[in-house]
Structures are given as structure tokens and as C-alpha cells.
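What follows is one structure encoded as C-alpha cells, with my remarks underneath.
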Amino acid sequence: MTVEHCKHNAHRVCPECWPAHINRKVTEQLRTFEPVEPDPGWIDRARCSEVDPEIWHAEGYTQARRICWTCPVRLDCLSAALLRDERHGVWGGASPAQRADSAFNQERVPVPLAA
């Protein structure tokens, strides 16, 4: 992965610019991401199991995304969320809106919600 620079730091993305940087990266990835059935044991290796579950639903998702971005099973998690049509919280570094707008979900036929 190439290092991107921000307006504040010539060497790395600074903490102030980091959320926007990750948001762009995840959005770019979702344009072409094709989910595959995740490895059955992925959830046991997920970094999210080590933190307070409330951060996955916190406004802005910044703390959750920081954890996701360094997680060794991030793409398994993202695949699982897309295949299960998860509509809440951060999964694989992607917000609910990003997952809904992904190329994968745009090609799907919507399933009506039960009344």
C-alpha cells in the first residue's frame, strides 16, 4: 500500500486527516470488491473481539475503523457482512452506507423486508 500524504504532514496521513483517508480507501475498494465465503474461523482471529462492542455503532465510526484497518481478517469480515446483508455497524472497515452503495449490493435484487 502506498503512503498518502496530507496537508499537515509530508510523510504520513495525520490523525486529523486519517478518517477521511480511510473513508476514501474503503469506498475505492468497494467499487470492485467481490465477496467470497469467509474462512470459517475468521471471527476467532478478528481484532474486534478484543474491544468494547459499542464502538462498532458509534457515530462517525472512527475508532472502529482504526481497529478494522489493521485487522488480519478485515476482508473476511467485509465479505461476511456483504453476503449476509448486514445493515448496522462497521464490518470490515465499511459503514452501513458504504456497504449499501457497494458495487456488490447495486447488482443485487432487493429482498423485501418482512412485515
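Annotations
- The stretch 29-40 residues that are within 9 Å of ASP76 (Cα to Cα), paired with ones that are modelled with pLDDT of 90 or more and not in a loop (DSSP other than H, G, I, E, B) (beta carbon under 6 Å, 6 or more apart): PRO35/SER79; PRO35/LEU82; PRO35/LEU83; VAL36/SER79; PRO38/ASP76; PRO38/SER79; PRO38/ALA80; ASP39/ASP76
- For the stretch 26-45, filtering for residues that are touching a helix residue (DSSP H, G or I) at 6+ places or on another chain (Cβ under 8 Å), over 12 Å from GLY93 (Cβ atoms) and either of a type outside the set (Phe, Trp, Tyr) or in a loop (DSSP other than H, G, I, E, B) (or both) leaves 9.
- Qualifying residue in the stretch 36-53 (condition: surrounded by 20 or more Cβ atoms within 10 Å (Cβ to Cβ), of a type in the set (Lys, Arg) and at pLDDT 90 or above): no
- Leading residue by the ranking (nearest to the chain's Cα centre (by Cα)) among those in the stretch 56-99 that are surrounded by fewer than 15 Cβ atoms within 10 Å (Cβ to Cβ) and part of a helix (DSSP H, G or I): ALA97
The values are calculated or read from the model by the stated rules, or taken from the named source; none is laboratory data. Since the structure is predicted, the reported quantities are computational estimates derived from the model, not experimental observations. Here Cβ is always computed from backbone atoms with ideal geometry, including for glycine, and neighbour counts include all displayed protein chains.
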